[in-house]
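As structure tokens, the structure follows; a few thoughts come after it.
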Amino acid sequence: PGYKKVTPMVYASFYPIEGDDYNFMRDALDKLKLNDAAFEFEPESSQALGRGFRCGFLGMLHLEIIQSRLEREFDISPTITTPSVVYEVEMKGKKEKAKIYSATEMPDPSVVEKIYEPYAKLDIISPAQYLGSIMEVMNNTRAQYLNTEYIDSERIVLTFDCPLTDVITNLHDDLKSASSGYASMNYEVKDYRPYDLVKMDIMVAGEKVDAFSRIVPREKANKEGKKIVEKLKESVPKQNFLIALQAAIGGKVIARESIQAFRKDVTSGLYGGDVTRKRKLLEKQKKGKKKMKSIGKVDIPSDAFLAVLKK
């Protein structure tokens, strides 16, 4: 009596790099759960990434700890995808709604009538002195303020109607920062509501990386896309060819950054002589980089996936 199951505050999906490692990763996550009651996971599958696990954490720090333990104790470096919720999609000409578990499963926009996202009743308990800073955090979300209730002279309960995707991404950590660690929150899913949502894809060197795909509100797509490519620019290592980082909705690119190539000084061994020798060497280097760009493949480190999750 009195025991209540811990509610995860952040969700992310872990996928093994090799499909054959699925069972090994499941056993590793089982062992981690034995001494971490707040950690939750359940099987999940993606058309692009294969079989993986949808994991629930108390916050981003908890996620980093689990990732670090997987690497250190089991030598597993998972692909970590964006925290997601289950959407409902109403297709044209169909009465039943289809459930969408990840952005990679989103059907073509031409056959989608409406997209419904889950809403939650969110309660935030905090000392009254942090009311202003908490309201400032909530203004950065799509939450709708409902009520303020005073428990006593020093503690308050703030109630909001909030899209679940805004709750599980980074809200828990932002509230802790705004309240010096004193605020806590609880949420309960209420219903599904229609909203103008779009699927945003991220391309690295011209190739779509499904792990970075996400469903975002249309009005925030440009801002989110710019933020992701800027973070990837800091996280993806340089190559011997230029790497284009792009965020796109459908066929339209909405944000772009470039990672410049390494540049070797091919003319360092030249001493005097005709300037055409220098030009020939530079042209040869340019052709080599162009060829490498057409056949080169970018390896994205696991740190880059984690960096994209953080706001």
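Give me the percent relative contact order of segment 105-207, please, defined on Cα pairs under 8 angstrom at least 6 residues apart. Relative contact order here is 42 percent. If the segment from residue 45 to residue 159 were pulled out straight at 0.36 nm per residue, it would be longer than the present Cα-Cα gap by 37.6 nm. With the highest mean first, a sort of the peptides 107-117, 226-236, 156-166 on other beta-carbon atoms found within 10 angstrom per residue produces 156-166, 226-236, 107-117. Here the spin labels are modelled as points 7 Å beyond Cα on the Cα-Cβ line, and at residue 191 and residue 5 they lie 2.4 nm apart. Computed 3J(HN,Hα) for segment 138-144, one whole-Hz value per residue from the Karplus formula 6.51 cos²θ - 1.76 cosθ + 1.60 where θ = phi - 60°, is 5, 5, 7, 10, 9, 5, 10, glycine and proline marked x.
Peptides 186-193, 118-125, 246-253, ordered by how many other C-beta atoms sit within 10 Å of their residues on average, highest first, read 118-125, 246-253, 186-193. Distance between the modelled labels on residue 38 and residue 114, one decimal in nanometres: 3.8 nm (7 Å Cα→Cβ projection). Taking the Cα centre of segment 91-219 as origin and assigning +1 to Lys and Arg Cβ atoms and -1 to Asp and Glu Cβ atoms, the resulting dipole is close to 520 debye. For segment 96-195, the carbon plus sulfur part of the accessible surface works out to 47%, probe radius 1.4 Å. For residue 222 and residue 30, the FRET efficiency from 1/(1 + (r/R0)^6), where r spans their Cβ atoms and R0 equals 51 Å, is about 0.80.
Projecting label points 7 angstrom from Cα along Cα→Cβ for residue 207 and residue 253 puts them 1.8 nm apart.
The values are calculated or read from the model by the stated rules, or taken from the named source; none is laboratory data. Quick caveat, the model's predicted, so the values are computed rather than measured. Don't worry about glycine lacking a Cβ; one is built from the backbone with ideal geometry, like all the others, and counts go over all protein chains shown. Protein only, heavy atoms only, side chains kept; ligands, DNA and RNA dropped before computing areas. Shrake-Rupley method; radii C 1.70, N 1.55, O 1.52, S 1.80 Å.
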